[in-house]
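The values are calculated or read from the model by the stated rules, or taken from the named source; none is laboratory data. What you are looking at is a predicted structure, and each value in this text was computed from that prediction instead of being measured. Positions of Cβ are backbone-derived with ideal geometry, glycine not excepted, and every protein chain shown enters the neighbour counts. SASA here: full protein model, heavy atoms, side chains in, ligands and nucleic acids out. Shrake-Rupley method; radii C 1.70, N 1.55, O 1.52, S 1.80 Å.
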Amino acid sequence: MLTPFKNPGYVWLWWSNAFSSSGRWALVLILSLQLLQTTHSSFWVGLGLFLTQGPVILLAPVSGALADRFDRRTLNVMSAALAGVTTGLMALATWLGMLTLPVELALSLAYGVAFVFQLTLRSTLVPSIVPPAQLVSAVSLFQVGTQGAQFLGPALATPLLVNGGPALAWLFCTGLYAASALTSIPVGPTRARRAIGNTTGVLQGSFRYLYTRPLVWTAIWAVSLHCALTMAYQGMLPMFVSMDLRAPASSYGVLLTSIGLGAAIGSLGLARLSAVRFRPALFAISLVGSGISLAVMAATPSVTVAIASGFFVGATQAVFMSMALALIQGSVDDEFRGRATSVYQLITMAPMAIFGWGMGGLADITEPRPLMIVSGIGFVVVMAIFLFASPWLRALFGVRAWVSGSQPATVPALT
(Lines give C-alpha, C1' and ligand atoms only; values in the text may rest on other atoms or scores of the structure.)
Protein backbone atom coordinates (compact mmCIF):
# COMPACT_ATOMS: atom_id res chain seq x y z
CA MET A 1 0.00 0.00 0.00
CA LEU A 2 2.83 2.42 0.85
CA THR A 3 5.06 1.44 -2.08
CA PRO A 4 4.76 4.88 -3.82
CA PHE A 5 6.51 6.46 -0.83
CA LYS A 6 9.71 4.65 -1.85
CA ASN A 7 9.96 7.28 -4.60
CA PRO A 8 11.56 10.45 -3.10
CA GLY A 9 9.92 12.69 -5.69
CA TYR A 10 6.51 11.35 -4.73
CA VAL A 11 7.21 11.98 -1.03
CA TRP A 12 8.09 15.63 -1.66
CA LEU A 13 5.05 16.06 -3.93
CA TRP A 14 2.81 14.45 -1.31
CA TRP A 15 3.90 16.98 1.30
CA SER A 16 3.58 19.87 -1.13
CA ASN A 17 0.04 18.76 -1.91
CA ALA A 18 -0.81 18.32 1.79
CA PHE A 19 0.36 21.85 2.60
CA SER A 20 -1.44 23.48 -0.32
CA SER A 21 -4.65 21.49 0.28
CA SER A 22 -4.60 22.52 3.94
CA GLY A 23 -4.26 26.10 2.76
CA ARG A 24 -7.20 25.61 0.41
CA TRP A 25 -9.54 24.37 3.14
CA ALA A 26 -8.36 26.98 5.61
CA LEU A 27 -9.22 29.55 2.93
CA VAL A 28 -12.70 28.07 2.44
CA LEU A 29 -13.33 28.37 6.18
CA ILE A 30 -11.99 31.93 6.59
CA LEU A 31 -13.42 33.33 3.37
CA SER A 32 -16.88 31.85 3.95
CA LEU A 33 -17.19 33.20 7.48
CA GLN A 34 -15.83 36.64 6.57
CA LEU A 35 -18.22 37.00 3.65
CA LEU A 36 -21.18 35.81 5.72
CA GLN A 37 -20.33 38.20 8.56
CA THR A 38 -19.87 41.08 6.13
CA THR A 39 -22.92 40.57 3.91
CA HIS A 40 -25.23 38.22 5.93
CA SER A 41 -25.97 36.55 2.59
CA SER A 42 -25.18 33.09 1.22
CA PHE A 43 -25.26 34.60 -2.27
CA TRP A 44 -22.00 36.43 -1.62
CA VAL A 45 -20.51 33.40 0.11
CA GLY A 46 -21.35 31.34 -2.96
CA LEU A 47 -19.91 34.01 -5.27
CA GLY A 48 -16.67 34.19 -3.28
CA LEU A 49 -16.22 30.42 -3.43
CA PHE A 50 -17.18 30.47 -7.11
CA LEU A 51 -14.37 32.92 -7.81
CA THR A 52 -11.87 30.58 -6.12
CA GLN A 53 -12.86 27.81 -8.58
CA GLY A 54 -14.65 29.51 -11.49
CA PRO A 55 -11.51 30.45 -13.47
CA VAL A 56 -11.33 26.76 -14.43
CA ILE A 57 -13.95 27.57 -17.09
CA LEU A 58 -11.49 29.77 -19.00
CA LEU A 59 -8.08 28.61 -17.83
CA ALA A 60 -8.31 24.81 -17.67
CA PRO A 61 -7.27 24.31 -21.33
CA VAL A 62 -4.40 26.75 -20.88
CA SER A 63 -3.15 25.02 -17.73
CA GLY A 64 -3.29 21.65 -19.46
CA ALA A 65 -1.39 22.83 -22.53
CA LEU A 66 1.33 24.41 -20.37
CA ALA A 67 1.61 21.23 -18.27
CA ASP A 68 2.26 19.23 -21.44
CA ARG A 69 4.78 21.73 -22.80
CA PHE A 70 6.84 22.96 -19.84
CA ASP A 71 8.32 21.65 -16.60
CA ARG A 72 5.38 20.67 -14.42
CA ARG A 73 7.35 21.01 -11.18
CA THR A 74 8.31 24.64 -11.89
CA LEU A 75 4.74 25.57 -12.81
CA ASN A 76 3.49 23.95 -9.59
CA VAL A 77 5.96 25.99 -7.51
CA MET A 78 4.85 29.20 -9.24
CA SER A 79 1.13 28.52 -8.74
CA ALA A 80 1.60 27.70 -5.03
CA ALA A 81 3.62 30.91 -4.61
CA LEU A 82 0.86 32.95 -6.29
CA ALA A 83 -1.73 31.45 -3.94
CA GLY A 84 0.51 32.39 -1.00
CA VAL A 85 0.78 35.97 -2.23
CA THR A 86 -3.01 36.36 -2.52
CA THR A 87 -3.69 34.96 0.95
CA GLY A 88 -0.90 37.18 2.30
CA LEU A 89 -2.67 40.19 0.80
CA MET A 90 -5.89 38.96 2.46
CA ALA A 91 -4.07 38.95 5.81
CA LEU A 92 -2.59 42.42 5.25
CA ALA A 93 -5.88 43.96 4.09
CA THR A 94 -7.74 42.41 7.04
CA TRP A 95 -5.15 43.67 9.54
CA LEU A 96 -5.32 47.20 8.05
CA GLY A 97 -9.13 47.14 8.01
CA MET A 98 -9.16 47.52 4.22
CA LEU A 99 -10.69 44.18 3.24
CA THR A 100 -13.89 45.49 1.69
CA LEU A 101 -16.22 43.24 -0.30
CA PRO A 102 -14.79 44.29 -3.73
CA VAL A 103 -11.21 43.72 -2.52
CA GLU A 104 -12.13 40.33 -1.07
CA LEU A 105 -13.79 39.24 -4.31
CA ALA A 106 -10.86 40.48 -6.42
CA LEU A 107 -8.35 38.56 -4.31
CA SER A 108 -10.61 35.50 -4.42
CA LEU A 109 -10.44 35.64 -8.22
CA ALA A 110 -6.63 35.96 -8.15
CA TYR A 111 -6.47 32.95 -5.86
CA GLY A 112 -8.78 31.06 -8.22
CA VAL A 113 -6.30 31.49 -11.08
CA ALA A 114 -3.54 29.91 -8.98
CA PHE A 115 -5.87 27.15 -7.78
CA VAL A 116 -6.78 26.05 -11.31
CA PHE A 117 -3.13 25.59 -12.24
CA GLN A 118 -2.42 23.71 -9.02
CA LEU A 119 -5.25 21.25 -9.68
CA THR A 120 -3.99 20.38 -13.14
CA LEU A 121 -0.30 20.28 -12.27
CA ARG A 122 -0.58 18.16 -9.13
CA SER A 123 -2.78 15.65 -10.95
CA THR A 124 -0.35 15.32 -13.86
CA LEU A 125 2.74 15.08 -11.65
CA VAL A 126 1.61 11.94 -9.79
CA PRO A 127 1.46 9.57 -12.80
CA SER A 128 4.62 11.21 -14.15
CA ILE A 129 6.75 10.03 -11.21
CA VAL A 130 5.28 6.62 -10.23
CA PRO A 131 5.07 3.38 -12.24
CA PRO A 132 1.67 2.52 -13.77
CA ALA A 133 1.26 -0.49 -11.44
CA GLN A 134 1.35 1.85 -8.43
CA LEU A 135 -1.02 4.47 -9.84
CA VAL A 136 -4.21 3.57 -7.92
CA SER A 137 -2.31 3.38 -4.64
CA ALA A 138 -0.41 6.58 -5.46
CA VAL A 139 -3.59 8.49 -6.32
CA SER A 140 -5.39 7.14 -3.23
CA LEU A 141 -2.50 8.05 -0.92
CA PHE A 142 -2.30 11.44 -2.61
CA GLN A 143 -5.96 11.91 -1.82
CA VAL A 144 -5.24 11.02 1.81
CA GLY A 145 -3.13 14.17 1.87
CA THR A 146 -5.67 16.19 -0.11
CA GLN A 147 -8.67 15.09 1.91
CA GLY A 148 -6.80 14.89 5.20
CA ALA A 149 -6.05 18.56 4.65
CA GLN A 150 -9.81 19.16 4.63
CA PHE A 151 -9.62 17.92 8.21
CA LEU A 152 -6.30 19.50 9.20
CA GLY A 153 -6.75 22.92 7.58
CA PRO A 154 -10.02 23.84 9.35
CA ALA A 155 -8.91 22.08 12.56
CA LEU A 156 -5.86 24.34 12.83
CA ALA A 157 -7.43 27.48 11.39
CA THR A 158 -10.59 27.43 13.53
CA PRO A 159 -8.88 28.19 16.90
CA LEU A 160 -6.70 30.84 15.22
CA LEU A 161 -9.80 32.42 13.71
CA VAL A 162 -11.76 32.35 16.98
CA ASN A 163 -8.94 33.45 19.29
CA GLY A 164 -6.68 35.56 17.06
CA GLY A 165 -9.04 36.87 14.40
CA PRO A 166 -9.13 36.44 10.61
CA ALA A 167 -5.84 38.26 9.95
CA LEU A 168 -3.90 35.65 11.92
CA ALA A 169 -5.82 32.85 10.22
CA TRP A 170 -5.00 34.30 6.80
CA LEU A 171 -1.32 34.52 7.78
CA PHE A 172 -1.40 30.85 8.71
CA CYS A 173 -2.87 30.11 5.30
CA THR A 174 -0.02 32.03 3.66
CA GLY A 175 2.53 29.96 5.58
CA LEU A 176 0.96 26.76 4.29
CA TYR A 177 1.29 27.87 0.68
CA ALA A 178 4.89 28.96 1.23
CA ALA A 179 5.62 25.48 2.59
CA SER A 180 3.88 23.96 -0.44
CA ALA A 181 6.06 25.90 -2.87
CA LEU A 182 9.27 25.02 -1.03
CA THR A 183 8.53 21.29 -0.74
CA SER A 184 7.67 21.10 -4.43
CA ILE A 185 11.18 22.15 -5.46
CA PRO A 186 12.92 18.81 -4.58
CA VAL A 187 10.42 16.90 -6.74
CA GLY A 188 12.77 17.63 -9.63
CA PRO A 189 12.08 18.65 -13.24
CA THR A 190 9.19 16.70 -14.72
CA ARG A 191 8.19 17.06 -18.34
CA ALA A 192 6.01 15.07 -20.71
CA ARG A 193 8.01 12.28 -22.34
CA ARG A 194 7.34 13.77 -25.75
CA ALA A 195 6.83 17.46 -26.44
CA ILE A 196 3.47 18.38 -27.87
CA GLY A 197 3.26 19.93 -31.26
CA ASN A 198 0.70 22.49 -32.30
CA THR A 199 -1.09 23.95 -29.25
CA THR A 200 -3.96 25.51 -31.22
CA GLY A 201 -7.38 24.00 -30.82
CA VAL A 202 -6.40 22.59 -27.42
CA LEU A 203 -9.94 22.22 -26.11
CA GLN A 204 -11.36 20.66 -29.27
CA GLY A 205 -8.44 18.25 -29.57
CA SER A 206 -8.75 17.27 -25.93
CA PHE A 207 -12.43 16.49 -26.28
CA ARG A 208 -11.78 14.40 -29.39
CA TYR A 209 -8.98 12.50 -27.68
CA LEU A 210 -11.07 11.65 -24.62
CA TYR A 211 -14.12 10.78 -26.68
CA THR A 212 -12.15 7.88 -28.20
CA ARG A 213 -11.84 6.47 -24.66
CA PRO A 214 -15.50 5.92 -23.75
CA LEU A 215 -14.88 4.52 -20.27
CA VAL A 216 -12.87 7.62 -19.39
CA TRP A 217 -15.46 9.87 -21.00
CA THR A 218 -18.21 8.20 -18.98
CA ALA A 219 -16.23 8.51 -15.75
CA ILE A 220 -15.69 12.23 -16.38
CA TRP A 221 -19.39 12.88 -16.82
CA ALA A 222 -20.24 10.80 -13.76
CA VAL A 223 -17.82 12.92 -11.72
CA SER A 224 -19.32 16.08 -13.25
CA LEU A 225 -22.78 15.10 -12.02
CA HIS A 226 -21.27 14.14 -8.67
CA CYS A 227 -19.60 17.54 -8.27
CA ALA A 228 -22.66 19.50 -9.37
CA LEU A 229 -25.13 17.70 -7.10
CA THR A 230 -23.26 16.37 -4.06
CA MET A 231 -20.33 18.78 -3.72
CA ALA A 232 -21.95 22.16 -4.45
CA TYR A 233 -23.24 22.53 -0.90
CA GLN A 234 -20.20 24.43 0.37
CA GLY A 235 -21.62 27.84 -0.52
CA MET A 236 -24.62 27.25 1.73
CA LEU A 237 -22.91 25.26 4.48
CA PRO A 238 -22.24 28.27 6.79
CA MET A 239 -25.90 29.27 6.49
CA PHE A 240 -26.97 25.67 7.09
CA VAL A 241 -25.02 25.62 10.35
CA SER A 242 -26.36 28.97 11.57
CA MET A 243 -29.96 28.75 10.28
CA ASP A 244 -30.89 25.06 10.27
CA LEU A 245 -28.68 23.75 13.05
CA ARG A 246 -28.74 27.06 15.01
CA ALA A 247 -25.12 26.52 15.97
CA PRO A 248 -22.21 28.99 16.43
CA ALA A 249 -19.53 29.65 13.82
CA SER A 250 -17.14 27.26 15.56
CA SER A 251 -19.52 24.39 14.69
CA TYR A 252 -18.99 25.19 11.01
CA GLY A 253 -15.28 24.58 11.49
CA VAL A 254 -15.98 21.32 13.33
CA LEU A 255 -18.32 20.14 10.56
CA LEU A 256 -15.72 20.91 7.88
CA THR A 257 -13.15 19.07 9.98
CA SER A 258 -15.40 16.00 10.24
CA ILE A 259 -15.98 15.96 6.48
CA GLY A 260 -12.25 16.19 5.95
CA LEU A 261 -11.51 13.41 8.42
CA GLY A 262 -13.97 11.14 6.64
CA ALA A 263 -12.35 11.97 3.31
CA ALA A 264 -8.90 11.12 4.67
CA ILE A 265 -10.05 7.80 6.16
CA GLY A 266 -11.94 6.94 2.96
CA SER A 267 -8.88 7.65 0.81
CA LEU A 268 -6.68 5.59 3.14
CA GLY A 269 -9.15 2.71 2.95
CA LEU A 270 -9.14 2.90 -0.85
CA ALA A 271 -5.34 2.75 -0.88
CA ARG A 272 -5.55 -0.36 1.29
CA LEU A 273 -8.20 -1.97 -0.95
CA SER A 274 -6.74 -0.90 -4.30
CA ALA A 275 -6.81 -4.40 -5.82
CA VAL A 276 -8.88 -4.62 -9.00
CA ARG A 277 -11.39 -7.07 -7.51
CA PHE A 278 -12.55 -4.47 -4.96
CA ARG A 279 -13.04 -1.58 -7.36
CA PRO A 280 -16.55 -2.27 -8.74
CA ALA A 281 -18.02 -2.63 -5.23
CA LEU A 282 -16.21 0.45 -3.94
CA PHE A 283 -17.37 2.43 -6.96
CA ALA A 284 -21.00 1.42 -6.36
CA ILE A 285 -20.89 2.04 -2.59
CA SER A 286 -19.26 5.45 -2.96
CA LEU A 287 -21.67 6.48 -5.72
CA VAL A 288 -24.80 5.73 -3.70
CA GLY A 289 -23.29 6.66 -0.35
CA SER A 290 -22.20 10.15 -1.36
CA GLY A 291 -25.77 11.12 -2.22
CA ILE A 292 -27.50 9.41 0.71
CA SER A 293 -25.03 10.65 3.33
CA LEU A 294 -25.44 14.25 2.16
CA ALA A 295 -29.23 13.95 2.45
CA VAL A 296 -28.91 12.47 5.94
CA MET A 297 -26.56 15.25 7.05
CA ALA A 298 -28.98 17.87 5.77
CA ALA A 299 -32.08 16.26 7.26
CA THR A 300 -30.89 16.00 10.85
CA PRO A 301 -31.69 18.80 13.35
CA SER A 302 -28.83 17.71 15.61
CA VAL A 303 -25.34 19.19 15.37
CA THR A 304 -23.86 15.93 16.66
CA VAL A 305 -25.61 13.79 14.03
CA ALA A 306 -24.72 16.30 11.31
CA ILE A 307 -21.05 16.08 12.27
CA ALA A 308 -21.20 12.26 12.29
CA SER A 309 -22.97 12.25 8.91
CA GLY A 310 -20.39 14.69 7.57
CA PHE A 311 -17.75 12.03 8.16
CA PHE A 312 -19.53 9.68 5.73
CA VAL A 313 -20.10 12.54 3.26
CA GLY A 314 -16.35 13.09 3.12
CA ALA A 315 -15.46 9.39 2.98
CA THR A 316 -17.80 8.43 0.13
CA GLN A 317 -17.08 11.53 -1.94
CA ALA A 318 -13.31 11.03 -1.65
CA VAL A 319 -13.47 7.38 -2.70
CA PHE A 320 -15.68 8.14 -5.70
CA MET A 321 -13.46 11.01 -6.89
CA SER A 322 -10.20 9.10 -6.34
CA MET A 323 -11.35 6.05 -8.28
CA ALA A 324 -12.54 8.10 -11.23
CA LEU A 325 -9.34 10.16 -11.29
CA ALA A 326 -7.14 7.04 -11.16
CA LEU A 327 -9.07 5.54 -14.08
CA ILE A 328 -8.66 8.72 -16.11
CA GLN A 329 -4.98 9.25 -15.30
CA GLY A 330 -4.14 5.64 -16.10
CA SER A 331 -5.93 5.72 -19.45
CA VAL A 332 -4.21 8.59 -21.25
CA ASP A 333 -0.77 9.00 -22.80
CA ASP A 334 1.77 10.96 -20.77
CA GLU A 335 2.27 13.62 -23.43
CA PHE A 336 -1.47 14.27 -23.39
CA ARG A 337 -2.00 13.94 -19.65
CA GLY A 338 -2.03 17.67 -18.89
CA ARG A 339 -4.64 18.47 -21.50
CA ALA A 340 -6.77 15.45 -20.57
CA THR A 341 -6.61 16.44 -16.91
CA SER A 342 -7.54 20.03 -17.76
CA VAL A 343 -10.69 18.84 -19.54
CA TYR A 344 -11.49 16.70 -16.52
CA GLN A 345 -11.07 19.75 -14.27
CA LEU A 346 -13.20 21.87 -16.61
CA ILE A 347 -16.10 19.42 -16.84
CA THR A 348 -16.08 18.64 -13.11
CA MET A 349 -15.05 21.86 -11.34
CA ALA A 350 -17.10 24.27 -13.44
CA PRO A 351 -20.48 22.70 -12.52
CA MET A 352 -19.46 22.58 -8.84
CA ALA A 353 -18.49 26.26 -8.90
CA ILE A 354 -21.62 27.36 -10.76
CA PHE A 355 -24.04 25.19 -8.78
CA GLY A 356 -22.36 26.19 -5.53
CA TRP A 357 -22.91 29.87 -6.30
CA GLY A 358 -26.48 29.23 -7.41
CA MET A 359 -27.31 27.20 -4.32
CA GLY A 360 -25.77 29.88 -2.15
CA GLY A 361 -28.16 32.38 -3.71
CA LEU A 362 -31.13 30.05 -3.29
CA ALA A 363 -30.25 29.60 0.38
CA ASP A 364 -31.12 33.29 0.86
CA ILE A 365 -34.64 32.54 -0.40
CA THR A 366 -35.29 29.21 1.25
CA GLU A 367 -33.56 27.17 3.91
CA PRO A 368 -30.38 25.30 2.89
CA ARG A 369 -31.74 22.03 4.33
CA PRO A 370 -34.22 21.10 1.54
CA LEU A 371 -31.75 22.11 -1.16
CA MET A 372 -29.10 19.78 0.24
CA ILE A 373 -31.57 16.92 0.65
CA VAL A 374 -32.82 17.27 -2.93
CA SER A 375 -29.24 17.45 -4.24
CA GLY A 376 -28.19 14.26 -2.46
CA ILE A 377 -31.24 12.21 -3.44
CA GLY A 378 -31.24 13.77 -6.91
CA PHE A 379 -27.71 12.53 -7.59
CA VAL A 380 -28.67 8.93 -6.84
CA VAL A 381 -31.76 9.20 -9.06
CA VAL A 382 -29.88 10.82 -11.95
CA MET A 383 -27.13 8.21 -11.78
CA ALA A 384 -29.73 5.43 -11.81
CA ILE A 385 -31.12 6.88 -15.05
CA PHE A 386 -27.59 7.28 -16.42
CA LEU A 387 -26.86 3.66 -15.49
CA PHE A 388 -29.91 2.45 -17.40
CA ALA A 389 -28.97 4.48 -20.49
CA SER A 390 -25.20 3.96 -20.63
CA PRO A 391 -23.53 0.57 -21.21
CA TRP A 392 -20.20 2.20 -20.38
CA LEU A 393 -21.36 3.19 -16.92
CA ARG A 394 -22.70 -0.33 -16.39
CA ALA A 395 -19.27 -1.60 -17.42
CA LEU A 396 -17.69 0.27 -14.49
CA PHE A 397 -19.61 -2.00 -12.14
CA GLY A 398 -17.62 -4.96 -13.47
CA VAL A 399 -13.99 -5.90 -12.83
CA ARG A 400 -12.98 -6.07 -16.49
CA ALA A 401 -13.51 -2.35 -17.11
CA TRP A 402 -10.99 -1.45 -14.42
CA VAL A 403 -8.43 -3.76 -16.02
CA SER A 404 -8.84 -2.80 -19.68
CA GLY A 405 -10.05 0.77 -19.26
CA SER A 406 -6.82 2.21 -20.63
CA GLN A 407 -7.76 1.46 -24.24
CA PRO A 408 -10.83 2.25 -26.31
CA ALA A 409 -13.10 -0.79 -26.24
CA THR A 410 -16.42 -1.99 -27.54
CA VAL A 411 -19.34 -2.74 -25.26
CA PRO A 412 -19.35 -6.51 -26.00
CA ALA A 413 -15.72 -6.75 -24.86
CA LEU A 414 -16.70 -5.47 -21.45
CA THR A 415 -19.95 -7.33 -20.88
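For the peptides 3-10, 96-103, 373-380, the ranking by mean Cβ contacts within 10 Å, running from highest to lowest, is 373-380, 3-10, 96-103.
3J(HN,Hα) couplings calculated from phi for segment 344-352 with the Karplus curve 6.51 cos²θ - 1.76 cosθ + 1.60 (θ = phi - 60°) are, in sequence order, 4, 5, 5, 6, 9, 6, 4, x, 5 Hz; Gly and Pro show x.
Can you order the peptides 284-290, 385-391 by their average number of other Cβ atoms within 10 Å per residue, highest first?
284-290, 385-391
State, to one decimal in nm², a quarter of the convex hull surface area for the C-alpha atoms of segment 1-71, i.e. the direction-averaged projected area. Average of the hull's projected areas for segment 1-71 equals 7.0 nm². Cα-based values for segment 215-347, radius of gyration first and Dmax second, are 16.1, 51 Å. Normalised by the number of residues in the chain, the average gap of Cα pairs under 8 Å and 6 or more apart makes the relative contact order 28 percent.
Computed over neighbours whose Cβ is under 15 Å from that of TYR10, the net charge equals +4, Lys and Arg +1, Asp and Glu -1. Per-residue ellipticity at 222 nm from helix content only, as computed over the chain with -39500 (n - 2.57) for each DSSP H run of at least four residues, stands at -26500 deg cm²/dmol. For segment 337-376, the calculated P(r) over all alpha carbon pairs, in 5 Å bins from 0 to the bin holding the longest distance, is 6, 22, 21, 17, 11, 10, 8, 4, 1 percent. Apolar share of the accessible surface for segment 99-161: 80 percent from carbon plus sulfur atoms, 1.4 Å probe.
Sequence-ordered 3J(HN,Hα) estimates for segment 291-298 from the Karplus curve with 6.51, -1.76 and 1.60 and θ = phi - 60° stand at x, 5, 5, 5, 5, 5, 4, 6 Hz, glycine and proline given as x.
For segment 227-348, with every protein chain kept in place, what is the accessible area per residue (1.4 Å probe, Å²)?
Per residue, segment 227-348 has an accessible area of 29 Å².
Over segment 60-145, what is the relative contact order in whole percent, taking alpha-carbon pairs under 8 Å and six or more residues apart?
41 percent.
Every pair of different Cα atoms in the chain enters the Kirkwood calculation, which places the hydrodynamic radius at 21.1 Å.
A simple spin-label model places the labels of VAL403 and THR100 6.4 nm from each other, with each point 7 Å out along Cα-to-Cβ. For TRP25, the accessible area of its heavy atoms, probed at 1.4 Å with every protein chain present, is near 30 square angstrom.
Computing the accessible area with a 1.4 Å probe over protein heavy atoms, can you report the carbon and sulfur percentage for segment 1-89? Intermediate results must be reported in sequence, preceding the final value.
On the way: 2340 of 3130 Å².
The computed percentage sits at 75.
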